[in-house]
1. Name the long-range amide H neighbours of V473: under 5 Å, sequence gap of 5 or more, or other chain; modelled H, no Pro or chain starts.
2. Relative to the present Cα-Cα distance, how much length would full extension add between W455 and T477 at 0.36 nm per residue of separation?
3. Output the peptides 129-142, 28-41 sorted from most to least packed, where packing is the average of other Cβ atoms within 10 Å over each peptide's residues.
4. Given the C-alpha centroids of region 272-290 and region 354-377, what is the distance between them in whole angstrom?
5. Arrange the peptides 333-346, 426-439 so that the one whose residues have, on average, the most other Cβ atoms within 10 Å appears first.
6. Which of the lysines could be linked to K469 by a straight reach, that is with a Cα gap under 26 Å, when you skip same-chain ones fewer than 8 residues away?
7. Heavy atoms only, probe 1.4 Å: what % of the accessible area of the chain goes to carbon and sulfur, would you let me know?
8. Using Cα pairs closer than 8 Å and at least 6 residues apart in sequence, work out the relative contact order for region 88-150, in percent.
Amino acid sequence: MNEQPEFDIVQKEQLRLADVLASVEETARQNRAKIARHNAYTTELEKDRLESVNWHEKNSLTEKLIENDKFDPARYLTSFQMIDSPYFGIVGINDSDKKIGAREYLIGKQGFVSHDNRALVVDWRKAPISRFFYDFDPGDEYFETIQGREREGVITRRDTVEIAKRSLRRMECGEDLYELAAGGWVKNAKEFHTTTDTKVANQDHRMVDIVSLISPDQFHMITSEATDGCTLITGGAVSGKTVVSLHRLSCLQFNDPDRFAPERCLVLMFNKVLRNYVRQTSADLLGSTRVDTFSAWALSAITALTGKVIKPVVGDTLTAQKKSSQLSGLLVRYVAEVQEGEPLQDLWRFYGQPYVLDALFAAGKGREEFLADLRRRYATRSQAVSFADLSVLLRLCQLREKDGPIREALGWYAHIIVDEGQDLSLLELEAILAATDKRNSITLSADSKQKILSWVDAADFDIFHKNLKEVGVSNETLSVSYRCPKEIMALASRISSRESEQVGRHSGVLEYHRGADEDNALVLLRRLVEKLVGEDPHSLTAVICKKKTDERMLHKALTGIQGLHQQGELTFEPGVLVTIAHQVKGVEFANVILYDPNAKDFRKSALDRNLLYVCVTRACRRLDIVYWRELAEGLA
């Protein structure tokens, strides 16, 4: 330990950490002793009752057992799980109330009250206190109502600490940064510290816990007391929409556990990659709350409603038509006019209505062949449902059930998170809303600049947003980038034509590498990947291309490079992965190499421009563009 006076603050924090850890261990010891004494007494009562031959005595012992069970300490003694990293923030206040006066609060991911009834750590979700940490800076005055009492005073301290394996590793104290390096403490000018730095240090590139980095704007959204109706969160890439949504649900579950029990909440992500990415982090944040894709959830919902296990077939030439917003009103009309008991027969019969056929086949081509196939399906009671049919079938079942068994069958969801709402059809969004209880509690995030699915009408989300006014909707906007460097966000702004695009908070690298032809470009790519892996083997580099055929070709070209992930495998271990643009929405990488984003593959359409924007904004540290053909618009 460095003995200079400038490191006194570190030494004091190490002593406090030691005190907290000792209290955690002593509290755990005393809790185990209380439980052991209770269990021993219970065993003694049960033994006495078993051996007793007097029924009066047996009844008396039974009453004692019942009474003893009411005071089982295992029911109310909560174990402290965050012992390796008990807190991440320190906030000091000087309150005008002399009974409170000057004191400091430790902010952590779980609250801790010691055996001697000292509140040593405050849970970050306990907003009245944690707001001091998230909303204020040293020197700020506060006027807050806490537990019904008016409080005022001055913030005297706001520090962030990093504790790992019960050891203090890092402290940010105002303009000073203290770090443990090579066994000793060093002090230097404060630098921007990204979540990517944490991932590289931990050699784990999954979504990280960012509770210590939540901004005031994010904190207000997360801790909002408005729990009924829809909270719509908009904002560009890297602004933290998904992070805010997940932490908002965690806050709801903490403050109202009876209403927002994990089994009564649902998180729906855009695709399997993003679902897996979030699943790996949400266990600590959301417990056993289900995290899934819309299709996977819809299948289970249909099974709950109909008793049928559906196995969808892949591929449907009418995907865009079946996701058309026109079908929403047509389903309502059909349910009012036609009665049909069997769900799948109901679906085939709906598709066969003349007004539905008009919507599916506006040009008329293929209509008769489709109708003939429908008649065959109806006659044979076919179960050949495609993925495009799921939202139609689910909405059909919901409309048949209306407000009764449908909600009970789906578990009466108290809250649903919907991510990337701009790429969901109107029917999908309506099906999700219908799966909530009567308070319609939803957190919905969306960004029109990241819409990448061609078969979803861009107007669908606007229609749904307008309809939400009936159940109540509050609009929140995030506008600050927490992932991408300034240079990359400037490029993203040019691509998206966003006048108020977020400004990155730190500097990074943006470089172009032009090859004379395809072979030369592949040589440049391999050299670059080898260089990045050699410089930092613990980082994660993504090589992103547009087409599946290019993905296979690029993986073959990089064969033999240390840390290259298996083809088709999208994991978040350190190394190098090759993937296509449609797979990377919502995830992030330390380095991104965009391979040959040419004007032919990325055309001037809004969807291709959005896809390019998504690719560029996956990079946390550096973005390299390796190409040999004319670059897509916005990149040059």
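1. Under 5 Å from the amide H of V473 lie the amide H atoms of C230, each far enough along the sequence or on another chain.
2. Between W455 and T477, full extension yields an extra 5.3 nm.
3. 129-142, 28-41
4. Taking the Cα centre of each part, region 272-290 and region 354-377 sit 41 Å apart.
5. 426-439, 333-346
6. Qualifying lysines at Cα under 26 Å: K241, K322, K323, K402, K438, K449, K451.
7. Carbon and sulfur: 49 percent of the exposed surface of the chain.
8. Dividing the mean separation by the residue count of region 88-150 yields 23 percent.
The values are calculated or read from the model by the stated rules, or taken from the named source; none is laboratory data. All values derive from a computational prediction rather than experimental measurement. A quick note on method: Cβ atoms are made from the backbone with ideal geometry, for glycine too, and the neighbour counts reach across all protein chains shown. Accessible surface areas use protein heavy atoms only, side chains included; no ligands, DNA or RNA. Shrake-Rupley method; radii C 1.70, N 1.55, O 1.52, S 1.80 Å.
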